[in-house]
1. Gln221 to Tyr187: FRET efficiency via 1/(1 + (r/R0)^6), r the Cβ-Cβ distance, R0 41 Å, to the nearest 0.05?
2. Ile278: net charge of surrounding residues, Cβ under 11 Å, Lys/Arg +1, Asp/Glu -1, itself excluded?
3. At what distance in angstrom do the alpha carbon centres of the range 206-283 and the range 119-172 lie from each other?
4. At a probe radius of 1.4 Å, what is the per-residue accessible area of His162, in Å² to the nearest 10?
5. Pick from Val100, Val301, Val12 the residue whose mean-square fluctuation is largest in a GNM of the chain, springs joining Cα atoms under 10 Å.
6. Rounded to the nearest 5, what % of DSSP beta bridges with both residues in the range 3-332 are antiparallel?
7. What are the principal axis extents of the Cα atoms in the range 31-152, in Å, biggest first?
8. Taking a virtual spin label 7 Å from the Cα of Glu268 along the C-beta vector, which residues in the range 207-229 bring their backbone nitrogen under 11 Å of it?
Amino acid sequence: MRTAFVTDPSHVAHTAPGHPERPERLEAIIAQLEARGLRQRMLERAPREATDAELLRVHRQSLLDAVARASERGAWLDPDTYTTAESVGIARRAAGGLLVAVEAVRHGDADNAFVAMRPPGHHATPDRPMGFCLYNNVAVAAAALLADGVERLAILDWDVHHGNGTQDTFEADPRVLYVSTHAAPFYPGSGALEERGAGNIVNVPLPHGAGDAAFLAAYEQVALPLLERHQPQFILVSSGWDAHARDPLGTLQVTTWGYTRAATLAVEAAQQLCEGRIVVALEGGYDTHALAWCASGLVEVLLGDAPTPDPEPADMSPGDDLPSLIASARRLAGL
Ligand code: ZN
């Protein structure tokens, strides 16, 4: 497989003392991809800055103004979400990096892609930057695909937090299937089973401590049949790795193996449904070992290799209320 790779060394200037959304996250991923010889096998593409017009497909002008104003002073947008003087350019390249990746896959220059950029995006709503996110990178890429004539696409979101910004963006747009697995009750508070949008939103809120069995059941028994029904022409993944057992913020106890298995299911679905067109973008994930091994496992899957096992696997602890939860998710999704 030809896998495009987009990253941006300038991300290091987006940083705040003691904040978990820190440059070391992405540095750990890059170091691992280089040490395992994986970066060298991908088709590297430089990011570009997303334009106002591209951001305005998702966001209101008021959000662009608020981010620009805060960044001028290096101010905080909310108690979680910082900026520095460099943040506007870095965040525009994070969104533009996804645009470069989807363009490469859409035009056949690559089969699939991994976008390793910061800051993350899935909490940014049309009018509100929040939860470490300035612009909603994946939503901006999805909106670009729709503007370019794609009629049906799917977004999978396996970050431990619900992607409220992505749901808000597309909840009235049946062209976009959005499926999220996340811990509940948890930040940002949205993502209940009953939140269905125009029938195109499917949330699988998992109990704390759910583990690989629950996480993978959600993909095998809910996400995959939904993908088959939706017949997307393109799949995007909001790949937060903070559901990992090692993560200091997450509580879902997913292992590197579980995440790599979910990546395999997503890539196989893309091969079956849309000629392999899948673009995976970094969202959250705050343990550097988990980030490194989940990212290298993902890239091996994208390249068509057998994934290398994490040398420090975390314990699995499957939850009790799994069968009724999955049954509810399937019933509400009409499966
Ligand atoms: Zn997260």
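The values are calculated or read from the model by the stated rules, or taken from the named source; none is laboratory data. Small disclaimer: the values here were computed from a predicted structure and weren't measured. Cβ placement follows ideal geometry from the backbone for every residue including glycine, while neighbour counts extend to all protein chains displayed. The protein model used for the area step is the full one, side chains on, heavy atoms only, and it has no ligands, DNA or RNA in it. Shrake-Rupley method; radii C 1.70, N 1.55, O 1.52, S 1.80 Å.
1. 0.95
2. -2
3. 16
4. Surface open to solvent at His162 totals about 0 Å².
5. Evaluated over the chain, the most mobile residue of the options is Val12.
6. Bridges in the range 3-332 that DSSP calls antiparallel: roughly 5 percent.
7. Principal-axis extents of the range 31-152 (Cα, largest first): 40, 38, 19 Å.
8. The answer is 220.
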